[in-house]
Every structure is written in C-alpha cells, then in structure tokens.
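**Q** Okay, here's the structure, questions in a sec.
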Amino acid sequence: MSIPVGSVAVPERVRALAHRAALEPVWLNEGGGVTFRTGDGRYIKYGPLTLESSFAGEALRLEWAGAHIRVPHVLEVGADSSHEWLVTRALGGESAVAPRWLAEPATAVRAVGEGLRALHDALPVADCPFEWTVASRIANAARRGIRVPDSLREPPPIDELVVCHADACCPNTLIGDDGYWSAHVDLGALGVGDRWADIAVASMSTEWNYGPGWEDALIAAYGLEPDRPRLTYYRELWNAT
Ligand SMILES: Nc1ncnc2c1ncn2[C@@H]1O[C@H](COP(=O)(O)OP(=O)(O)OP(=O)(O)O)[C@@H](O)[C@H]1O
Ligand SMILES: [Mg+2]
C-alpha cells in the first residue's frame, strides 16, 4: 500500500471513466488495485474483484455514513467479470501519509486519533445495517479460505459498540491544511464492532507509516488509556484475517 512513484499503466476502463480528464495515479494497494485522481475533481478506484468486500458494498456504506460524517460522495460504481470501480467526488485534504504529514508525524497521529474518535461519536450504532463483529470477520475470513487460530475465536468482552471504520489505517484519514482531520475514506468494511477493533489497527499502523513510538499517542488523541489485552487481541485478529 503506497503512493506510487513510477508510472502506472492506465486500465482501459479507467480511461473510459475519466472521459477526457487527465489522470494521476495516487495510490496502489496490496491487492493490485489502483486509485487515480482526475483533473476534473474525481477519484477513480479500480481493482480486481475480491471475496473480501466489494465496491458495491463500499458505495452503500459511503452513502449511509455520508449522512453523518464527511466521506467521499459516490458518483458511479460498477464491475465487469474481473474488475470493479468506484468513482467519487474529490474531497479536500490530503492523506495522513502524504509527504507533508510524514514529515509532521505528531500532527498526523493526533489528527488520525481525533478523527477516529469523531467517526465513532458521529455514526449511530442503532441505525447501522452493517456488521464488523468478530463473528462476522471470522466468517468472512472462512469464506476466503482463511482459518482463524483457535486462540482468537473468543474475543474479549465488548468495551463499547460503535460503528467501526474497519480499515482505520492512517492513510484512510484525510487531513486539512490546518492539521486537523477533514474526512475518512475507504469504508468498504464499515460496520458495528467494539471500538478497540479500530483503535488497535489505527495505532498499530502508525508504526508502518511513521516508525515506532506513536501508538500510544494515537490512543491518547482518541481520548483513552491503552487497553493492552484488547489491543493485543484485535491486532492479532487483524493480522490473522
Ligand atoms: N474522494 C476522495 N477524495 C480525496 N482523496 C481520496 C478520495 N478517494 C480516495 N482518495 C485517496 O486515495 C487513496 C486510496 O483510496 P482508498 O483508501 O479508498 O483505496 P484502497 O486501495 O482501498 O486503500 P488501501 O490500500 O488502504 O486498501 C486514499 O488513501 C486517499 O488518499
Ligand atoms: Mg485506503
């Protein structure tokens, strides 16, 4: 998962979705997916179909969450026999791993932690039609042929149910020029779960992006003391699924 450095081949479908607009690759994911920014203010996410989640599901979640918090507005979503695409309107702000924020990790980490808290505070659990519980995650993994170790089958008691982002890694928070979070992206798995499921991944991901020593700063920005057993459990579950 990274900001591309070299040139990226533009798939035919993406070329067609862009109409005449210029295309700039902005993100490559682990699964061979690529995101382009268009010269006319859109983002085109394009990638191979997966069993894990779908852009149709992401579009539903963006539309649901968009009533409560700033997330990309869906313009188009579609798929063919091998690939899918999601076109959204460009939001202001830059990813928390843009070069300027990598150079200012204290600001970025605080923004991601505060942004995650704001997302959890804003999204109404009772109205949320999507699930990201441990049981649903283990079942989803099984559909993909992944068997979660027995030691992870029994989660810790729920601390607080929230609507989780479900991929709360730092690159999925956008930060404004003022250094505060401005929006959330990449909500393809959003659903109800324990808040520590998100906090564990968001804090763990600081090490990948900013190096060691930022995990607890993110949790402090969220507004909690680290809960070590839940952090350990949800990080292991993330790595296992
Ligand atoms: N509507 C938008 N407005 C602004 N930036 C966007 C928008 N959509 C996507 N981005 C940018 O493109 C990047 C890639 O989008 P996204 O995270 O949805 O793709 P992904 O391939 O699922 O990512 P991951 O590697 O985390 O799975 C984001 O981190 C963000 O910087
Ligand atoms: Mg992402």
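**Q** Across the Cα atoms of segment 122-166, what radius of gyration and what greatest pairwise Cα-Cα distance (Dmax) are found, in Å?
**A** Calculated on Cα positions, Rg and Dmax stand at 12.2, 34 Å.
**Q** Check Trp27: other-chain or 5+ apart residues with amide H under 5 Å from its amide H, H built from backbone geometry?
**A** Those lying under 5 Å, H to H, from Trp27 are Thr35.
**Q** Let me ask something additional. With the Cα gyration tensor of segment 58-105 giving a ≥ b ≥ c as the square roots of its eigenvalues, does the rule (a/c under 1.5 for rounded; else a/b larger than b/c for prolate; else oblate) give rounded, prolate or oblate?
**A** Since a/c reaches 1.5 but b/c is at least a/b, the shape of segment 58-105 is classed as oblate.
**Q** Taking all pairs of distinct Cα atoms, average 1/r, flip it, and tell me the Kirkwood hydrodynamic radius of the chain in Å to one decimal place.
**A** Numbers: mean 1/r = 0.0545 Å⁻¹.
18.4 Å is the Kirkwood radius here.
**Q** Quick check: residue separation of Ser151 and Thr50 times 0.36 nm, minus the Cα distance between them. What number comes out in nm?
**A** That works out to 33.7 nm of additional length.
**Q** Still on this structure, please answer the following. For segment 27-78 and segment 193-241, what is the separation of their C-alpha centers, rounded to whole Å?
**A** One Cα centre to the other: 24 Å.
**Q** What helices does the chain hold that run 24 Å or longer along their axis, going by alpha-carbon atoms, with a Kyte-Doolittle average of -1.0 or more, using DSSP H for the helix calls? Numbers along the way, then the final one.
**A** Values: long enough: 105-122 (25 Å, 0.15).
Those that pass (Cα extent of 24 Å or more, hydropathy at least -1.0) are 105-122.
**Q** Here is a further query. From the backbone phi of segment 10-17, what are the Karplus-calculated ³J(HN,Hα) couplings (6.51 cos²θ - 1.76 cosθ + 1.60, θ = phi - 60°) in whole Hz, Gly and Pro given as x?
**A** So the J values, rounded to whole Hz, are 9, x, 3, 4, 5, 4, 5, 5.
**Q** Could you order the peptides 232-241, 161-170, 54-63 from most to least packed, using the average number of other C-beta atoms within 10 Å per residue? Present the calculation step by step, with values, prior to reporting the outcome.
**A** On the way: 232-241: 17.0, 161-170: 25.0, 54-63: 19.6.
With the highest mean Cβ count within 10 Å placed first, the list reads 161-170, 54-63, 232-241.
**Q** Quick check on the chain: helices-only [θ] at 222 nm, where DSSP H runs of length 4 and up contribute -39,500 (n - 2.57) each and the sum goes over total residues. Nearest 500, please. If you can, show how the numbers build up before the last one.
**A** Working: 8 runs with 86 residues, N = 241.
Value at 222 nm, helices only: -10500 deg cm²/dmol.
**Q** A further question follows. Amide H neighbours of Val192 under 5 Å, at least 5 residues apart or on other chains, H built in the peptide plane: list them.
**A** Those qualifying (amide H under 5 Å, at least 5 residues apart or on another chain) are Phe130, Glu131, Trp132, Cys164.
**Q** Can you tell me the mean projection area, over all orientations, of the convex hull of segment 139-241's alpha carbons? Units nm², please. Intermediate values should be presented prior to the final figure.
**A** Working: hull surface 28.5 nm².
Average of the hull's projected areas for segment 139-241 equals 7.1 nm².
**Q** Then there's this: For the chain, modelled as a GNM with alpha-carbon contacts under 10 angstrom, which of Arg110, Arg100, Arg37 fluctuates the most?
**A** Highest fluctuation of the listed residues: Arg100.
**Q** Let me ask something else. Name the shape class, rounded, prolate or oblate, that the alpha-carbon gyration tensor gives for segment 182-227, where a ≥ b ≥ c are the square roots of its eigenvalues, rounded holds for a/c under 1.5, and otherwise prolate holds if a/b is larger than b/c and oblate otherwise. Please list the in-between numbers first.
**A** On the way: a/c = 1.89, a/b = 1.32, b/c = 1.43.
Oblate shape, in that a/c is at least 1.5 and b/c is the bigger or equal ratio.
**Q** Further question on the same structure: Taking +1 at the Cβ of each Lys and Arg and -1 at the Cβ of each Asp and Glu, which of Pro129, Ala9, Tyr210 sits farthest along the dipole of the chain towards its positive end, judged by Cα position relative to the Cα centre?
**A** The residue sitting farthest along the positive end of the dipole is Ala9.
**Q** Tell me the carbon and sulfur percent of the accessible area for segment 130-208, rounded to whole percent, probe radius 1.4 Å.
**A** Carbon-and-sulfur percentage of accessible area, whole number: 52.
**Q** I would also like to ask the following. At a Förster distance of 22 Å, what's the computed FRET efficiency of Arg100 paired with Glu30, Cβ-Cβ distance as r, to 0.05?
**A** 0.35
**Q** At 37 °C and 0.692 mPa s, grab the translational diffusion coefficient of segment 1-114 from Stokes-Einstein with a Kirkwood Rh over Cα pairs, rounded to a whole number in µm² per second. Numbers along the way, then the final one.
**A** Working: Rh = 15.2 Å.
Reported coefficient: 216 µm²/s.
**Q** Find the relative contact order for the chain and round it to a whole percent, using C-alpha pairs within less than 8 Å whose residues are 6+ positions apart.
**A** On the way: 441 pairs, mean separation 45.2, N = 241.
This gives 19 percent for the chain.
**Q** How much accessible area per residue does the chain have, in Å², with a 1.4 Å probe? Walk me through the intermediate numbers first.
**A** On the way: 11340 Å² over 241 residues.
The answer is 47 Å² per residue.
**Q** Is any residue of segment 11-40 close enough, with backbone N under 14 Å, to a label point placed 7 angstrom from the Cα of Ile3 along the Cα-Cβ axis, and if so, which?
**A** Only 25-28, 37 pass the distance filter.
**Q** For the chain, give the share of DSSP beta bridges that are antiparallel, in percent and rounded to the nearest 5; count only bridges with both residues there. Don't skip to the end; give the middle numbers.
**A** Details: 31 of 32 bridges.
The antiparallel proportion sits near 95 percent.
The values are calculated or read from the model by the stated rules, or taken from the named source; none is laboratory data. This structure is a prediction, so every number in the text was calculated from the model and none was measured. Methodologically, a virtual Cβ is constructed for each residue, glycine included, from the backbone with ideal geometry; neighbour enumeration extends over all protein chains shown. What goes into the accessible areas is simple: the full protein's heavy atoms, side chains included, and nothing from ligands, DNA or RNA. Shrake-Rupley method; radii C 1.70, N 1.55, O 1.52, S 1.80 Å.
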